[in-house]
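To start, the structure itself, in structure tokens.
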Amino acid sequence: MSETMTLRGPVKKDRPEPEARSVERRDATGTVLGTVALEPTIFGIEPNMSVLHQVITAQLAAKRSGTQSTLTRAEVRGGGRKPYRQKGTGNARQGSTRAPHFVGGGVTHAPKPRSYAQRTPKKMVRLALCSALSDRASESRVAVLDAFTWETPRTKDAVALLDALGLEGSVLVVVSPSDAVPTRSMRNLERASTIVAGELNAYDVLANDWILFTDETLPTAREDDA
């Protein structure tokens, strides 16, 4: 026992290096214009499933209105008089008909309005988003369009675009704040939805089969990540 013991800290899991992935860049007619290299730190990492679960759970919890409210025994109207005398009836003594075990009585531990929002660190939110995008990229479910060329909003043009790109199933179209025409063109399509690039999140990415970016909205590495 005279040998000195070396204390070691927790071993950090070695994650593989981000994988380089690319996707074809097309125009509105489906013509291939070339290939685009996706940012490895965004589209090529190993998805962190535990962080994904925690962030998406927090996101869904924040959507809850939290407006449920039922009456406690003290809030139910009536019941101020004893229903019957204390002794002589053969029944258990009762002080009010608004007790929780009576029909029309209050609710024990009644739910009240509350906020279900959970605090999630920004780094976890970003890691969850990158994990979701990497999952879609690994399945070749990321598409890149050069730009929207529509002058007027038409649902027919939106359908033709999705068919030309070969996007089947549900499609999440990432637009910029100035893309009002494509946003209005997509809103009547059941299988397509739009989201502003700054509001892109892990839940919406995983809830759709395809993610469609444009040259303007395709994510790139941030300066503080370098």
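Can you tally the net charge around residue 118? Count Lys and Arg as +1, Asp and Glu as -1, for every other residue whose Cβ sits under 13 Å from the Cβ of residue 118. Mind showing how you got there, number by number?
Values: positive: 63, 64, 114, 119; negative: none.
Result for the neighbourhood of residue 118: +4.
Net charge around residue 67, counting only other residues with Cβ within less than 11 Å of its Cβ (Lys, Arg = +1; Asp, Glu = -1)? Don't skip to the answer; put the middle values down first.
Values: positive: 64, 112, 114; negative: none.
For residues surrounding residue 67, the net value is +3.
With a/c under 1.5 counting as rounded, go ahead and sort the chain into rounded, prolate or oblate using the C-alpha gyration tensor (a ≥ b ≥ c being the square roots of the eigenvalues; past the cut-off, prolate if a/b is larger than b/c, else oblate).
Working: a/c = 4.13, a/b = 1.67, b/c = 2.47.
Oblate.
Need the full-extension length gain, residue 123 to residue 50, defined as separation in residues times 0.36 nm minus the C-alpha distance. One decimal, nm.
Working: separation 73, 0.36 × 73 = 26.28 nm, distance 1.38 nm.
The span from residue 123 to residue 50 would gain 24.9 nm if fully extended.
Which order do the peptides 106-115, 70-79, 159-168 come out in when sorted by mean C-beta neighbours inside 10 angstrom, highest first? Could the numbers behind the result be given before it?
On the way: 106-115: 11.7, 70-79: 13.3, 159-168: 16.3.
By packing density, highest mean first, the sequence is 159-168, 70-79, 106-115.
List, in order, the whole-Hz ³J(HN,Hα) value for each residue of region 59-66 obtained from phi through the Karplus relation with A = 6.51, B = -1.76, C = 1.60 and θ = phi - 60°; use x for Gly and Pro.
Values per residue, Gly and Pro as x: 5, 5, 5, 5, 6, 5, 6, x Hz.
Quick one: helix 155-165 against the long Cα principal axis of the chain, what's the angle to the nearest 10°, folded into 0 to 90?
Orientation of helix 155-165: about 60 degrees from the principal axis.
Pop out the ³J(HN,Hα) list for region 187-200 in order, Karplus 6.51 cos²θ - 1.76 cosθ + 1.60 with θ = phi - 60°, rounded to Hz; leave Gly and Pro as x.
So the Karplus estimates, Gly and Pro as x, are 5, 8, 8, 6, 8, 10, 9, 10, 8, 5, 4, x, 9, 4 Hz.
Go through 49-62, 126-139, 85-98 and give me the packing order, highest mean Cβ count within 10 Å leading. Intermediate results must be reported in sequence, preceding the final value.
Numbers: 49-62: 15.8, 126-139: 20.6, 85-98: 11.1.
Per-residue Cβ counts within 10 Å, averaged per peptide and sorted highest first, yield 126-139, 49-62, 85-98.
Would you grab the residues whose amide H sits under 5 Å from the one on residue 192? Only those 5+ places off in sequence or on another chain, please, with H modelled 1.01 Å from N.
Amide H to amide H, under 5 Å and 5 or more residues apart or across chains, residue 192 pairs with 171.
Kindly count the pairs of lysines across the chain whose alpha carbons are less than 30 Å apart, treating pairs on different chains or eight or more residues apart as eligible.
9
For region 69-112, what is the charge dipole size about the Cα centre, in debye to the nearest 20, if Lys and Arg each add +1 at the Cβ and Asp and Glu each add -1 at the Cβ?
Details: 9 positive and 1 negative charges, 46 e Å.
Once rounded to the nearest 20, the dipole reads 220 debye.
Net charge near residue 171: determine it from the other residues with C-beta under 10 Å of the C-beta of residue 171, scoring Lys and Arg +1 and Asp and Glu -1.
Details: positive: 141, 191; negative: 168, 209.
Spelling it out: positives minus negatives among the neighbours equals 0.
Based on alpha-carbon atoms only, what is the radius of gyration of region 69-112 relative to the globular estimate 2.2 N^0.38 Å? Walk me through the intermediate numbers first.
Values: Rg = 11.7 Å, N = 44, 2.2 N^0.38 = 9.3 Å.
Compactness ratio reported: 1.26.
Here, each number is a calculation from the coordinates, and none is a lab measurement. Keep in mind the model is a prediction, meaning the values are calculated, not measured. With ideal geometry, Cβ positions are generated from the backbone for all residues, glycine too; neighbour counts draw on all protein chains shown.
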